[in-house]
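What follows is one structure encoded as structure tokens, with my remarks underneath.
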There are 2 protein chains.
Amino acid sequence: MQDLMQKIVSLCKRRGFIFPSSEIYGGVEALWDYGPLGSLLKNNIRDLWLKKFVQEKEDVVLIDGTVIMHPKIWEASGHLESFTDPLIECKKCHSRFRANHLVKKICPQCGGKEFTPPKQFNLMFKTFLGPVEDEASPSYLRPETAQSMFTDFRTVQETMRLKLPFGIAQTGRCFRNEVTTGNFTFRSREFDIAEIEYFVKPGNDEKWFDFWLKEWEKFFLDLGIKKENLRLYEHPKKSLAHYSKRTVDIEYKFPFGWSELAGVANRTDYDLKRHSQFSGEDLKYSDEEKKKKYYPYVIEPTMGLERAVLAVLIDAYTEIKGGRTKTTEAVKKVETVLKFDKKIAPIQIAVLPLVKNKPELVKKAKEVFKLLKPHFLCQYDEVGSIGRRYRRQDEIGTLFAVTIDFDTLEKNDVTVRDRDTMKQKRIKITDLIACLEKQL
Amino acid sequence: MQDLMQKIVSLCKRRGFIFPSSEIYGGVEALWDYGPLGSLLKNNIRDLWLKKFVQEKEDVVLIDGTVIMHPKIWEASGHLESFTDPLIECKKCHSRFRANHLVKKICPQCGGKEFTPPKQFNLMFKTFLGPVEDEASPSYLRPETAQSMFTDFRTVQETMRLKLPFGIAQTGRCFRNEVTTGNFTFRSREFDIAEIEYFVKPGNDEKWFDFWLKEWEKFFLDLGIKKENLRLYEHPKKSLAHYSKRTVDIEYKFPFGWSELAGVANRTDYDLKRHSQFSGEDLKYSDEEKKKKYYPYVIEPTMGLERAVLAVLIDAYTEIKGGRTKTTEAVKKVETVLKFDKKIAPIQIAVLPLVKNKPELVKKAKEVFKLLKPHFLCQYDEVGSIGRRYRRQDEIGTLFAVTIDFDTLEKNDVTVRDRDTMKQKRIKITDLIACLEKQL
């Protein structure tokens, strides 16, 4: 299974999905750049999320808050005190580890057996606002987007005239100074969270928890992830976070084991109460029907977009031994197809002239490419044999390959090849956009 | 004109476009949160940018890099040395200012006349990677997205088999620890840049500079900004940045004066050369036709998304004295319309039952709302008289108001009101989606 992980990492690098940040400088641990295909895939997932949970929902609005916020927010939220990992240091080589990750009590760097006692290390990145860098003005990079939904709660509720229940959604960059990292992009120091804080009447919280857990699970099925690779993990009462009444993770069967992909937490009225207390502002909700004021409860469905990308990549990864096309070249080795769902494939259409040394074919192919580009995510490719190019497109999950051949010049039609069935159809160029739009 | 600025700030706060980050804690200078309408408006501008410059261009690919990168990148780019402002301190009250912003040599805080000599203050936010916080491991938050396009240049070019000329585009969060801030969101400490590094053969750079300057200007016209409110500013040779051969700003006529909205720079081969030198990796391009290797020149069109949002808000802001509808209520005061271009309006359709105390109208209106929501950015509103609701929708720039009245219940048609002409048409509900799609 770790072998599969290596194949994914290698494919991601080779085809421009994901590669290390600052790679020419040797990279930086746990920081990854998304290349042309990776950034499109990630955007497609984000846009689908925005469509389903902001545009289509009647009671969810979006915000876009800052990464750096007032430092007191992290006191109120409990992050300054509790968002820590126990850090130990090898007394021999001074390497540092997360105490609970070091199962073998032997330093993996030098074999040393003596460690310093665990010290709590805060995972928030620290920075300094304004032109004075001293301990009096430290600030932090948000480790989650949630807090601005709480601090903006009243402004959003009032300006948008919202009534309970309603949600505030946000997606954006978050930062965690992880002590131990690894498993490719799974535990990164920078990542985009997509989450909703859904405010409800106390007493209705358990019902809404169940609702959001179902919605959240459905989203991953909509991304095309196989049902058998998803499962729920109910956090035991005793290990719940300080703010949580109930937390359920949605886990994916990663090659390195079942691990958290997303989660839903019942944060109760913890955050609004704490921010009222620390800011001195009243964040209670005025219930006009009941003629009283109270703190809403909050259900928080949350997911990491990069983990969704990784799960989708693994789930779509398909190897066909001996090849599907049975050409001599293919039979010798394994063909790879990324079977992305059509809603999120980074390239929808490849446009291919049959051969590249016939100027009239190339010219026509480029015309078709120009025609399709405003409507679809397209890629033009003329290098190598047509069979090789089909496989190259299969490997990045392109949904349809449009081939321009000699018949095209006479009959003004093209071949449209389906990635999964490999079936080919002749379609008139004049019908091409409508035909592809219908299938997408 | 500053009066107009105050009106915009107030409208943005009142209607949930933009308000201070961490406001319940007193806010943080120059950090702004985008509320439900502001975040949609900003996303619409970003998505239009992505469509025009990534999807529709044949030779531009997207990446999504990290905010924190290898610290050596900022040495190579020159930021560590030169991305500074001259900082002076009032000797009396210790307030700090940018020397070149203090025209009157008198402290605006206390009237003091003596200042410390200017000290160069670096505008990059500093942070610390990994569990050791000491001067040996400082890292920085990117003040621009450009550098990862240079460090990823070879990987992107090779994995995507790109030939000159081609561009790498990126949009994402950037951070600048500004000494002086102000003019609402104009100079913020966090902002989203949208930029392209377009790599060309040396010698073709001037031609491509002109091309991109036109494309960039056209984008702002496409956003609906009036031509007379845009102008070009050619940087004099002697004040060009260290890497630039030519820089032209696109300025907008803000209420506080003509100011930079976007720009195009000819960065020559400065960045690729410097990164080759500092990283030890060869970032030359292999020109197969010419059988030689060389450093491409780089044309950089860049813009700040928040500045585009601000310009669009100001440009769309229209006051109609005495009101357009001539109702008693309206005549008394000024009506405000945000005349957003239809491509970027945050709310496309408002769905309004004529009155809210008739359950059958409300039920029908909610059905229409549900019908339209998957297709358009919609808002449902039932509070207040219909005239008042029309004006409320005009104030946030909603393109069309769909009203459900008693005739709707009999004839299954609705009134569609156009924001700009105020003309109303009866449309069958069965034709509604097609009819609105046609107009949008």
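Projecting 7 Å from Cα along the Cα-to-Cβ direction, the label point of B:Lys119 sits 2.8 nm from its equivalents in the other copies, listed shortest first. Each principal axis of the Cα cloud of region A:85-165 was taken in turn, and the coordinate range along them, longest first, works out to 62, 38, 17 Å. Working note: Cα atoms of region B:142-222, range along each principal axis, descending, whole Å: 42, 30, 23. Axis of helix B:36-50 versus longest Cα principal axis of chain B: the two differ by about 60°, to the nearest ten degrees. If you average 1/r across every pair of different Cα atoms in region B:346-387 and take the reciprocal, what Kirkwood value do you get, in Å? After inverting the pairwise mean of 1/r, the radius is 10.5 Å. For B:Gly65, the residues whose modelled amide H falls within less than 5 Å of its own, excluding neighbours fewer than 5 places apart on the same chain, are A:Tyr34. When all protein chains stay in place and ligands, DNA and RNA are ignored, the 1.4 Å accessible-area order of B:His94, A:His275, A:His101, largest first, is B:His94, A:His101, A:His275.
When the alpha-carbon atoms of region B:34-168 are used, the pair Rg, Dmax equals 21.0, 62 angstrom. Accessible-area rank, largest first, for B:Cys435, A:Cys107, B:Cys93: B:Cys93, B:Cys435, A:Cys107, with all protein chains present and a 1.4 angstrom probe.
Run through every distinct alpha carbon pair of region B:1-83 and return the Kirkwood hydrodynamic radius in angstroms, one decimal place. Result for region B:1-83, one decimal place: 16.4 Å. Put simply, the amide H of A:Thr268, placed in the peptide plane, has neighbours under 5 Å in A:Lys245, A:Val298, leaving out anything fewer than 5 places away on its chain.
Of the whole protein surface, A:Val200 contributes about 0 Å² of accessible area at a 1.4 Å probe radius. Neighbouring Cβ atoms from other chains, within 10 Å of the Cβ of residues in A:34-45, number 5 on average.
With distances taken between every two different alpha-carbon atoms, the protein assembly as shown has a Kirkwood hydrodynamic radius of 29.5 Å. In the assembly of identical copies, B:Arg426 has its label point, taken 7 Å from Cα in the direction of the beta carbon, separated from the corresponding points by 5.1 nm (ascending, one decimal). A Stokes-Einstein calculation at 20 °C with viscosity 1.002 mPa s, built on the Kirkwood radius of chain B over Cα pairs, returns a diffusion coefficient of 86 µm²/s.
Per the Debye formula on identical point scatterers at the alpha carbon atoms of region B:211-251, with no solvent, log10 I(q)/I(0) at q = 0.14, 0.20 Å⁻¹ is -0.37, -0.66. Each principal axis of the Cα atoms in region B:126-263 has its own extent, and those three values, largest first, are 54, 44, 32 angstrom.
Debye-formula intensities of region A:284-433, expressed as log10 I(q)/I(0) at q = 0.19 Å⁻¹, are -1.16 (one equal scatterer per alpha-carbon, no solvent). Going by alpha carbons, how many degrees (0 to 90, nearest 10) lie between the helix axis of A:305-316 and the longest principal axis of chain A? Relative to chain A, helix A:305-316 is tipped by roughly 40 degrees.
Of the two radii for region B:51-99, the radius of gyration is 1.29 times the Kirkwood radius, both from the alpha carbons; that is the Rg over Rh value. If amide hydrogens are placed 1.01 Å from N in the peptide plane, which non-local residues have theirs closer than 5 Å to the one on A:Ile404? Amide H neighbours of A:Ile404: A:Leu352, A:Leu354. Rolling a 1.4 Å probe across all protein chains gives B:Lys163 an accessible area of roughly 120 Å². Relative to its residue count, region A:223-278 spans a Cα convex hull of 113 Å³ per residue.
The trypsin sites (Lys or Arg not before Pro) found in region B:69-143 that occupy coil by DSSP, while having at most 13 further C-beta atoms within 10 Å, are B:Lys91, B:Lys104, B:Lys105, B:Lys113. With N counted as the residues of region A:245-311, its alpha-carbon radius of gyration over 2.2 N^0.38 Å works out to 1.58. Placing R0 at 51 angstrom, the Cβ-Cβ distance between B:Lys104 and B:Glu56 gives a FRET efficiency of 0.55 after rounding to 0.05. In this view, the solvent-accessible surface of B:Tyr294, computed with a 1.4 Å probe and all protein chains in place, comes to about 30 Å². By the helix-only formula, in which each DSSP H run with n ≥ 4 contributes -39500 (n - 2.57) and the sum is divided by residues, chain A has a 222 nm mean residue ellipticity of -9000 deg cm²/dmol. Across the alpha-carbon set of region A:187-346, the Rg to Rh ratio works out to 1.15, Rh being the Kirkwood radius. B:Lys13 label point (Cα plus 7 Å toward Cβ) to equivalent points in the other copies: 5.3 nm, shortest first.
Backbone phi angles across region A:355-360, fed through the Karplus curve with coefficients 6.51, -1.76 and 1.60 (θ = phi - 60°), yield HN-Hα couplings of 9, 9, 9, 10, x, 6 Hz in residue order; Gly and Pro are listed as x. Compared with the direct C-alpha span, the chain from A:Tyr233 to A:Lys119 gains 38.1 nm at full extension, assuming 0.36 nm per residue.
Rounded to the nearest 0.05, what FRET efficiency do A:Leu409 and A:Lys333 give with R0 = 51 Å and r taken as the Cβ-Cβ distance? Could you check? Don't skip to the end; give the middle numbers.
Numbers: r = 34 Å, r/R0 = 0.67.
Working from the Cβ atoms, E equals 0.90.
The values are calculated or read from the model by the stated rules, or taken from the named source; none is laboratory data. From a predicted model like this one, the values you see are computed outputs, not experimental measurements. All Cβ positions, even for glycine, are placed from backbone atoms using ideal geometry, and neighbour counts span all protein chains on display. These accessible areas exclude ligands, DNA and RNA; they are computed on the full protein's heavy atoms, side chains included. Shrake-Rupley method; radii C 1.70, N 1.55, O 1.52, S 1.80 Å.
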